[in-house]
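The structure appears right after this line, and notes come after that.
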Amino acid sequence: MKIFRGILLAVILVIAAVAVAGMLILNSIRNKAVPDYAEPVDLENMIDEVTVIRDSLAIPHIYAKNEEDLYRVTGYVTAQDRLWQMDLMRRITTGRLSEIFGADMLTADQMFRAFSFSEKSEKVLKRTDPAIIKCLRAYTDGVNQYIEKNQKKLSFEFSLLGYKPEPWTIVHTTNLIGYMAWDLTSGWGADMAIYKIAQVVDEELLAELMPWARDFKTRYVFPDYMKEHPELVMNTMLEQTLNTIDKLGIQVFEASNNWAVSGEKSETGMPLLANDMHLGFMSPGIWYQVHQVIEGALNVTGVMLPGQPYVICGHNEDIAWGMTNLTVDNLDFYLETVNPQDTNQYRLNGRWVDMRIEEETIRIKGEDEPVTKVNRFTHRGPIVSTFKGVKDKTVSARWIGTDYSNELRSVHLFNRASNWEEFRDAATTFIAVSQNIVYADKEGNIGLQAAGGVPIREGDHVMIYPGDTTLYDWGENDIVPFENLPYTYNPESGMVSSANNRTVDDSYPYYIGTWFSLPNRIDRIREMLNETETHSVESFKKMHADQLSAFARRLTPVYIDVLTGNVEGTAEQALEELTHWDYQMDKCLAAPLIYEQTFTELMRVLYKDELGEETFPQVLSNNTLARYHIYTLAETLESAWCDDVTTPGTTETFSDNILQAFHAAVDTLVKLAGEEVNDWAYGDIHTLTIEHPMGGVDIVKKLFDPNIGPYAAGGSFHTVAPFSYPLGKDYGVTHGASQRHVYSTANWDDSRTVIPTGTSGVPASPYYGNQTELYMNFGYHADLFSREAVEQNMKYKAVYK
């Protein structure tokens with residue numbers, strides 16, 4: 001027995017030793033990337049010392065004496081906080097996700113290689129000012145010095161996935177602009193959805209879903225632009241004639257808010273500016289807060305994209321700026337006629353033309369041999385039919401993101417601009433990433449500039465074009481000249497605003513896009529701007545937090561009219577909640593939940609019978625179509641879509657649809673939230689969890705806790721404070737404000753800001769997700785700008801030399 005007891009004791013000791021060792025290893029992996037922000041750092045190639053002060057949120061305030069040192073240290077500190085995020089975005093743009101995640105990423109890698117981000121970046125860099133190249137190289141040097149010095153202190157993702165980061169290059173930095181352009185392109189899903197829907201419904205039904213036929217003619221970003229620029233009509237008539245002849249070959253053969261008020265509308269007598277860019281929630285967040293100073297030459301603060309060196313939205317000593325998506329339709333699809341005898345040829349202007357063939361060698365994690373994939377290209381761009389689920393056709397894509405643009409030049413100059421003219425000059429190369437950019441300056445001026453590449457081409461712009469002719473082609477130079485893009489400067493109203501709404505009225509001679517947001521957010525923003533005689537930082541913060549739905553205010557009375565007297569039991573209790581609702585999408589109320597579920601069910605009732613199981617998801621995933629249609633139905637109350645084609649002999653009306661949808665919504669909510677309507681609360685189901693890219697893996701969640709949340713959320717896609725979710729699925733929030741800024745030109749230190757996550761991308765850091773609760777409660781922190789304010793709030797100080 002003593003022997004067995006001895007063996008058992010030995011085993012227990014071994015197990016304990018292994019457990020302790022395992023705990024030590026796990027803690028090492030978890031914590032090794034957490035930096036000491038007060039530790040001095042010796043860097044090569046430094047010209048002078050740089051001081052980095054981090055405030056209570058660990059936001060870096062970088063003080064340098066020259067540009068090279070500033071951007072070298074910026075590269076180091078962004079890698080210190082966000083290296084794995086930077087590497088992930090680099091892998092997206094170079095098509096190398098399969099190397100770390102395995103074969104599931106193979107199709108994504110092939111697609112991103114087809115859009116040639118690196119090739120575009122090389123083209124941009126060849127035409128970039130050497131002074132900017134110098135900044136990019138310094139930034140890259142800083143990133144690489146961090147990688148070299150911290151091989152044993154890399155964040156847990158590198159350890160779990162079993163690889164180390166490669167050196168960073170200026171091409172990788174430039175690629176990130178292409179990534180943002182791709183992410184913001186409006187036509188990728190919607191155009192293809194229209195094509196698929198067109199295969200199963202007749203022209204009458206299809207026409208009712210087309211938002212460009214809708215009459216939203218009073219909610220333009222630039223309402224007076226065509227009155228001020230009538231000459232554009234004449235210029236474009238001549239230009240269109242010449243372009244049409246050329247394209248015929250006769251001679252030879254697609255969310256955010258921003259607004260600003262002037263001093264007359266401000267309590268301080270100086271302009272105020274607000275911005276919140278709506279993007280997908282992720283952890284770490286897409287933006288990195290930074291303050292960059294070169295003594296006597298530059299003082300700029302705001303948010304930057306980790307992997308590039310500049311503040312993308314923010315303010316300097318003279319001006320502030322913020323962005324919303326212009327919603328340009330800069331992506332077109334073409335139905336190609338393929339030679340049945342040679343599938344690598346396509347028909348163009350009466351003859352067969354060879355496609356360009358590129359073989360892509362893709363390495364896959366866990367596989368000994370790489371996989372070879374073939375990308376085929378017409379003269380317009382890659383064949384993408386295998387990427388978007390089109391089974392029986394070959395479709396190519398033409399995207400402006402492969403053409404020359406230089407957003408890095410733009411943000412470099414935004415950071416340094418001191419007036420409206422310099423700001424506009426900077427915006428001229430903002431082409432692939434198309435934005436409405438709001439402006440305010442310390443001289444009392446406000447403005448709004450549409451900046452982006454707006455293609456000039458023939459056709460209806462939304463349906464897939466025939467690819468066997470050059471009639472619908474557009475080239476790199478076939479874009480609206482910058483001087484003809486809409487803008488406004490110091491308008492009489494003393495206010496400017498945009499919220500992805502339609503840009504300008506029908507008299508504007510150029511087609512900008514189709515998939516604009518409904519006027520719900522812009523109507524509410526302008527309503528609030530007009531309700532208050534003089535605004536303040538506090539009133540702008542309240543506007544950011546506003547969750548009154550103009551969409552619900554339009555639809556709910558229609559629902560109530562139909563439902564009153566026609567429901568009973570639990571449905572009648574639910575109707576009572578809607579009847580006394582003030583349209584606030586408050587997380588504590590039942591009414592927002594009832595409204596949202598009814599809208600989802602209404603989409604099913606209206607569209608699923610005509611579209612069928614296979615095509616109906618196109619309406620859910622590209623629900624701008626349904627939003628426009630139902631928005632209009634609230635007024636017309638009639639549509640060919642209302643009749644249920646599965647019930648011959650009866651003709652259903654919109655009232656029938658509402659009644660059916662409401663009952664289905666109540667049944668669903670009883671299952672989700674219980675029998676008692678009084679116990680229902682929107683925020684119990686509508687929640688935000690900010691997920692890490694690896695946060696869906698159970699073992700990662702348990703060991704590293706990289707996800708943030710859940711938090712109860714109000715709002716929706718139709719409120720100024722947006723918390724959007726995929727319709728038809730659960731209520732898990734996926735999109736919303738990626739930052740909130742309120743800038744005071746009277747005193748920059750009075751400005752306020754917040755992001756949904758935190759400075760650090762390392763889950764073990766106290767600065768990972770440390771702003772989330774503040775963000776969810778619509779709180780802000782000071783956007784420290786003066787040296788005095790920064791030093792008063794200093795938590796860490798490090799010298800780089």
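The values are calculated or read from the model by the stated rules, or taken from the named source; none is laboratory data. Small disclaimer: the values here were computed from a predicted structure and weren't measured. Virtual Cβ from ideal backbone geometry, glycine too; neighbours counted across all protein chains shown. Just so you know, the surface numbers come from the protein's heavy atoms only, side chains and all, with ligands and any DNA or RNA stripped out. Shrake-Rupley method; radii C 1.70, N 1.55, O 1.52, S 1.80 Å.
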Check: Are any of the residues in the range 645-653 within 24 Å of M585 (Cα to Cα), open to solvent by less than 60 Å² (accessible area, probe 1.4 Å) and out of contact with any Ser or Thr (no Cβ under 6 Å at 6 or more places or on another chain)?
Finding: no
Just one listed residue, out of V14, V20, V41, V34, is over 31 Å from the mean Cα position of the chain (by Cα) and at pLDDT 85 or above, and it is V41
Residue hits (the range 765-794; assigned to a helix (DSSP H, G or I) and more than 24 Å from G683 (Cβ to Cβ)) are R787, E788, A789, V790, E791, Q792
Within the range 671-702, the residues that are part of a loop (DSSP other than H, G, I, E, B) and open to solvent by 20 Å² or more (accessible area, probe 1.4 Å) are G674, E675, E676, E691, P693, G696, V697
Selection over the range 752-801 where residues are farther than 30 Å from Q547 by Cβ and open to solvent by 50 Å² or more (accessible area, probe 1.4 Å) yields a count of 11
Any residue in the range 64-79 that is assigned to a strand (DSSP E or B) and of a type outside the set (V, I, T)?
yes
The number of residues in the range 430-454 that are touching an Asp or Glu at 6+ places or on another chain (Cβ under 7 Å), under 24 Å from N501 (Cα atoms) and surrounded by fewer than 23 Cβ atoms within 10 Å (Cβ to Cβ) is 0
Within the range 114-148, restricting to residues that are of a type in the set (S, T, N, Q) and either open to solvent by 50 Å² or more (accessible area, probe 1.4 Å) or in a helix (DSSP H, G or I) (or both), the one that is farthest from G381 (Cα to Cα) is Q145
So, M463, is that one among the aliphatic types (A, V, I, L, M), in contact with a helix residue (DSSP H, G or I) (Cβ under 7 Å, 6 or more places away or on another chain) and surrounded by 19 or more Cβ atoms within 10 Å (Cβ to Cβ) or not? no
Picked from the range 726-751 (must be out of contact with any Lys or Arg (no Cβ under 9 Å at 6 or more places or on another chain) and surrounded by 20 or more Cβ atoms within 10 Å (Cβ to Cβ)), the residue nearest to G269 (Cα to Cα) is S751
Flag for E359 being closer than 30 Å to H741 by Cα and either touching a Phe, Trp or Tyr at 6+ places or on another chain (Cβ under 8 Å) or surrounded by fewer than 19 Cβ atoms within 10 Å (Cβ to Cβ) (or both):
no
Boolean, D109 is part of a helix (DSSP H, G or I) and open to solvent by less than 10 Å² (accessible area, probe 1.4 Å):
yes
Among strands (runs of 3 or more DSSP E) entirely inside the range 318-424, those with 3 or more residues being hydrophobic (A, V, I, L, M, F, W, C) and more than 27 Å from G467 (Cβ to Cβ) are 319-325
From the option list D750, D730, single residue qualifying as over 18 Å from the mean Cα position of the chain (by Cα) and over 30 Å from Y37 (Cα atoms) is D730
Considering only helices (runs of 4 or more DSSP H) wholly within the range 530-628, the ones with at least 3 residues that are within 30 Å of T646 (Cβ to Cβ) are 550-563, 570-579, 591-621
Residue pairs qualifying under the 7 Å Cβ cut-off, at least six apart or on distinct chains, with the first in the range 270-299 being on the phi > 0 side of the Ramachandran plot and the second being open to solvent by 10 Å² or more (accessible area, probe 1.4 Å), are none
Here the qualifying pairs (Cβ atoms under 7 Å; residues six or more apart or on different chains; first in the range 377-392 and modelled with pLDDT of 55 or more; second of a type in the set (D, E) and in a loop (DSSP other than H, G, I, E, B)) come out as R380/D473
